[in-house]
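Structure first, commentary second.
The values are calculated or read from the model by the stated rules, or taken from the named source; none is laboratory data. Note that the coordinates shown come from a computational prediction; the quantities given were computed from them, not determined experimentally. Note that we place each Cβ from the backbone using ideal geometry, even for glycine, and neighbour counts take in every protein chain shown.
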Amino acid sequence: MEPLHEKKLIHLEEVANHVREGIIDMLFEAGSGHSAGPLGMADIFTAMYFHVLNHNPKKPNWSERDRLVLSNGHICPVQYVVMAYAGYFPVSELKTLRKLNTRLQGHPHRGSLPGIEITSGPLGSGLSQAIGMALAAKLDKKKNRIYCMLSDGEHEEGNLWEAVMFAGKNKLSNLTAIIDRNNIQIDGNTENVMPLESLRDKYESFRWNVLEVDGHNIERFVGAVFEAMATYEKPTVIIAHTIPGKGVDFMERDYRWHGKPPNKEEAKEALSELRTLGNRIKSEHE
Amino acid sequence: MINAKTKLNPKLFDADVEKLPIRNGFGEGVLIAGETDPNVVVLCADLTESTRSDGFAKKFPERFFEVGVAEQNMATIAAGLGVSGKIPFIASYATFSPGRNWEQIRTTISYNDSNVKIAGHHAGISVGPDGATHQAVEDIATMRVMANMKVIVPCDAIEARKATVAAAKIWGPVYLRYAREGTPIVTTNETKFIPGKAEIFWESKKPEVTIIACGTLVRSALLAAKQLEKEKIGVIVVNNHTIKPLDEKLILEVAKKTGAIVTAEEHQIAGGLGSTIAELLAKHNPTPQEFVGLQGVFGESGKPEELMEKYGMSVKDIVRAVHIVLKRKK
């Protein structure tokens, strides 16, 4: 991974905004799906596919590629949009999300779409699969890195803590977990449904290196990934504090947008806000 | 009479026939698989010795992963290894794996089509004194129902070794079911084992009924056949070690030839071997069938032979089922 220069940073921020537009478009078209999580993770997914990952969209099965494992499969719209923009498949295919015969399944399926590393949706099992990939890479003496995207809510699953324990024991330094800490889940605020704090203390006690960043600050996020790469005796978890629904004012921080798509009016309003960068460049989009 | 071509153990009917835990076959088989292919890895959930994974762990420590008492984690880590060029075997008791981790197996192994081999030990009620918590009697049903999954139930330690070696060479998810206790040796090293190919172990001159068995009940079926011979009832005994994919051709042939079927398995009669056979025959050639197996109840503590008798899976029960099915035969 190269250092992140200012010009690239500005470019990535622009791409992330386009990614949010793509998410709104595809969710409206699909008529079902999750809104808040994908919008909240647009900055990080953009940073991953356009800066962090060592990958080749034209050769999705390249054996030396870094692996991005999406554990909380329900936020796949953000992954689909970013992957389409990166060149894994035609952007026009985004409109097929959740429709019959699509490669863009409602929850991602390995084998359906090139570049999807695991099937996910049922929560709590992605980190273990990333561990399996990290073990295989170590056995094969490969230098690729394994990134696992996790939600905060899925930390209520027992399977996930089994994985955390195992990775700490085995000092899997080629593994980086990234938690979308947006504090919402379907039934409400995570701390009301089932308190997760202190996530930092929990991971540290399981022998992980713990970093915390603003999940919308791409520069800080990339800096944390660099730090993870320079940590040799432990796996690293980056707790990325994000705003669910980020970029669309009426969706931000509202857990009710966790599991539903925008209707026609809402999509129009959301797109207008994104395209005008929150009314900062109003004129050309009126 | 015994089908000579199958080269079965000549002492198989003897009271002092050699007995070995079927799990020994796993231990030997996985070691051979590991020597043959450097991509074979083994994961175990705190039952290394009991599942006979210790030989592999000693010989290939870098390819052996102790996950602790965490069967869900074991299955999902294996799923990640299996899509990364490795051939993972996961070993635990069948009540826990594939019991407790069923959804992980479904989503991350089966649906992912990850190259994982699930070794379920202590299957059936012959686990004995441990009691019903540790007696897996639903695992054939819960595994065979999954798309992409193959299911193999070896009848003794020798067949278990062959099945384990073979599973490493079969692409994709495979469930291997191993019983715990000393099980009489039925086959020999020379007995043919081809996954997906059932074998006729016994065929009388004029067979009137076919007993299709798997696992520990294969020998019981042969003992039943011997007894029925004295009653002048001709029998075919099929060792149906591969539940999925089923050897449909052979099953349809014997059903046509005899017109009556008894299935025998150390498993719930719902969803297991008997159901598999019934599904096939109902479609192609409806045939009277009796089901020897656990009749919808849980087991309990006891000696294996006591349990098999109490729960209706003894030689006597197979003979009785033959008498009943022959009465139903038109």
Check your understanding: When residues of the stretch B:81-95 are filtered for being small (Gly, Ala, Ser), touching a residue at least 24 places away in the same chain (Cβ under 8 Å) and either within 8 Å of chain A (Cβ to nearest Cβ) or surrounded by fewer than 24 Cβ atoms within 10 Å (Cβ to Cβ) (or both), how many remain?
Key -> 2
**Study point:** Set B:ALA160, B:ALA168: member being in a helix (DSSP H, G or I) and either surrounded by fewer than 24 Cβ atoms within 10 Å (Cβ to Cβ) or in the same structural domain as B:ASN239 (by TED's automatic domain parsing) (or both)
**Key:** B:ALA168
Study note, to complete from the structure: When (1) buried (at least 23 other Cβ atoms within 10 Å of the Cβ); (2) facing chain A (nearest Cβ under 9 Å) are applied to B:PRO98, the one that fails is (2)
Exercise for review: Take the stretch A:134-146 and flag every residue that is touching a helix residue (DSSP H, G or I) at 6+ places or on another chain (Cβ under 6 Å) and more than 7 Å from chain B (Cβ to nearest Cβ).
Suggested key: A:ASN144, A:ILE146
Check your understanding: Given the conditions (1) surrounded by fewer than 23 Cβ atoms within 10 Å (Cβ to Cβ); (2) among the β-branched types (Val, Ile, Thr); (3) within 11 Å of chain A (Cβ to nearest Cβ), which single one is not true for B:VAL67?
Key -> (1)
Practice item. Give the stretch B:305-322 a look and list any residue that's part of a helix (DSSP H, G or I) and either of a type outside the set (D, E, K, R) or in contact with a strand residue (DSSP E or B) (Cβ under 7 Å, 6 or more places away or on another chain) (or both), or say none. Key: B:LEU307, B:MET308, B:VAL315, B:ASP317, B:ILE318, B:VAL319, B:ALA321, B:VAL322
Practice item. Go through the stretch A:166-186 and give me each residue that's surrounded by fewer than 17 Cβ atoms within 10 Å (Cβ to Cβ) and touching a residue at least 40 places away in the same chain (Cβ under 8 Å). Key: A:LYS171, A:ILE186
**Study point:** Residue, farthest from the other protein chains (Cβ to nearest Cβ), within the stretch B:51-64, restricted to residues that are of a type in the set (Lys, Arg) and surrounded by fewer than 18 Cβ atoms within 10 Å (Cβ to Cβ)
**Key:** B:LYS58
Check your understanding: When you go through A:VAL19, A:VAL82, A:VAL69 one by one, which is the residue that is in contact (Cβ under 8 Å) with a residue 40 or more places away in the chain, within 14 Å of chain B (Cβ to nearest Cβ) and not small (Gly, Ala, Ser)?
Key -> A:VAL69
Review point. Would you pick out the residues in the stretch B:238-270 that are touching a Lys or Arg at 6+ places or on another chain (Cβ under 8 Å), closer than 27 Å to B:ARG161 by Cβ and in contact (Cβ under 8 Å) with a residue 60 or more places away in the chain?
Key: B:THR242, B:ILE243, B:LYS244, B:PRO245
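A quick yes/no check of all residues on (1) outside any helix (DSSP H, G or I); (2) over 27 Å from A:TYR255 (Cβ atoms); (3) away from every other protein chain (no Cβ under 13 Å):
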{"site": "A:PHE89", "(1), (2), (3)": "yes, yes, yes"}
{"site": "A:ARG110", "(1), (2), (3)": "yes, yes, no"}
{"site": "A:SER120", "(1), (2), (3)": "yes, no, no"}
{"site": "A:LEU127", "(1), (2), (3)": "no, no, no"}
{"site": "A:GLY132", "(1), (2), (3)": "no, yes, no"}
Review point. What residue, among those in the stretch B:101-148 that are within 14 Å of chain A (Cβ to nearest Cβ) and touching a residue at least 60 places away in the same chain (Cβ under 8 Å), is surrounded by the fewest Cβ atoms within 10 Å (Cβ to Cβ)?
Key: B:ASP113
Review point. Just a yes or no: is a residue in the stretch A:108-119 at positive phi and either modelled with pLDDT of 95 or more or in contact with a Cys (Cβ under 6 Å, 6 or more places away or on another chain) (or both)?
Key: yes
